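Novice: Mind having a look at this structure? Questions to follow.
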Amino acid sequence: MKLTPKDHTSGTTLVEVLVATLLLASFFASLFEANAVCLRFIAASKQSVAAIEAVQARAEVFRNLAFSNLISASYVQNSVLKNPLDGSVNRANASDFVKSATEVVKISAYPTDPAKGVTQLTLNPNGVVTLDSTATSLGSTLVKVDISQTWTGVLGGRQRTEQTSLIISNGTKK
């Protein structure tokens, strides 16, 4: 009597297929999460660049003001931060970012004298400009202007701030 060998066909078991599917699913989930993190980093970078640009644009506005207008809190509030014709808000630029940021402008005598105080104006995201404080005297030669943009960052939801300071002299424009 002859025995015939049985044909053994190789194949994958259900457990092997499930393990392979689980590995593949975890790989794609990791890939998509890495992509989402990269997109949040890009959005955060865009916000930082927009804040830098907004602060610099506002700094140029203050550099171009006549000194008498610069030291006038009402002029800064009603003609720099607001449009004098219709009362609308003068944002630093037209980007969507500046509509969601809070801008603070502080003007003080230079060298700084705490006894004279600081003129501080705040432009809120809702478009309201408030005069938070007024300096008793800003002098007639030098002033320090601090400009800052504050916003809630996309990455981590933390408060972020971009700021610059200027020393402006009472001189003649050429």
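Novice: Work through the residues other than Phe97 whose Cβ is under 10 Å from its Cβ and net out their charges, Lys, Arg +1 and Asp, Glu -1.
Specialist: That sum, taken over residues with Cβ under 10 Å, equals +1.
Novice: Taking 0.36 nm per residue of separation and subtracting the Cα-Cα distance, what length does fully extending Ala57 through Asn78 add?
Specialist: 5.8 nm
Novice: Give me the accessible area of Lys82, 1.4 Å probe, in Å² rounded to the nearest 10.
Specialist: Taking all protein chains as shown, Lys82 has close to 50 Å².
Novice: Ignoring ligands, DNA and RNA, what percent of the 1.4 Å accessible area of the chain is carbon and sulfur?
Specialist: Carbon plus sulfur share of accessible area: 59 percent.
Novice: I've got another one for you. Mind giving me the nanometre distance, one decimal, between the label points for Lys46 and Ser100, set 7 Å out from Cα along Cα→Cβ?
Specialist: My value for the distance between the label points is 0.9 nm.
Novice: Also, I was wondering about something else. Place a +1 charge on the Cβ of each Lys and Arg in the chain and a -1 charge on the Cβ of each Asp and Glu, then give the dipole magnitude about the Cα centre in debye, rounded to the nearest 20.
Specialist: 240 debye
Novice: Here is a follow-up. Any idea what the relative contact order of the chain is, in percent, if you count C-alpha pairs under 8 Å spaced at least 6 apart?
Specialist: The normalised contact order for the chain reaches 20 percent.
Novice: Now, a different point. If I take every Cα pair under 8 Å that is 6 or more residues apart in the range 16-110, average their sequence separation and divide by the length, what percent do I get for the relative contact order?
Specialist: It comes to 23 percent, rounded to a whole number.
Novice: Ranking request for peptides 22-30, 51-59: highest mean number of other beta-carbon atoms within 10 Å first, then the rest in descending order.
Specialist: Put in order of decreasing packing, that is 51-59, 22-30.
Novice: Next question. Highest first, please rank the peptides 32-43, 132-143 by the mean number of other Cβ atoms sitting within 10 Å of their residues.
Specialist: For the peptides 32-43, 132-143, the packing ranking is 132-143, 32-43.
Novice: Using a simple spin-label model with points 7 Å from Cα along the Cα→Cβ vector, what separation in nm is obtained for Phe27 and Thr130?
Specialist: So the label points at Phe27 and Thr130 sit 5.6 nm apart.
Novice: Something else about it: If you roll a 1.4 Å probe over the heavy atoms of the protein chains, what accessible area per residue do you get for the chain, in Å²?
Specialist: On a per-residue basis, the chain sits at 65 Å².
Novice: From the P(r) of the chain, could you give the percentage of C-alpha pairs in the tail past 24 Å?
Specialist: Cα-Cα pairs in the chain separated by more than 24 Å: 54 percent.
Novice: Based on DSSP H runs of at least 4 residues, each adding -39500 (n - 2.57), what is the mean residue ellipticity at 222 nm of the chain after dividing by all its residues, to the nearest 500 deg cm²/dmol?
Specialist: Value at 222 nm, helices only, nearest 500: -11000 deg cm²/dmol.
The values are calculated or read from the model by the stated rules, or taken from the named source; none is laboratory data. None of the values given here were measured: they were computed from a predicted structure. So basically every Cβ, Gly included, is an ideal-geometry build from the backbone, and we count neighbours across all protein chains shown. With ligands, DNA and RNA removed, areas are computed over all heavy atoms of the protein, side chains included. Shrake-Rupley method; radii C 1.70, N 1.55, O 1.52, S 1.80 Å.
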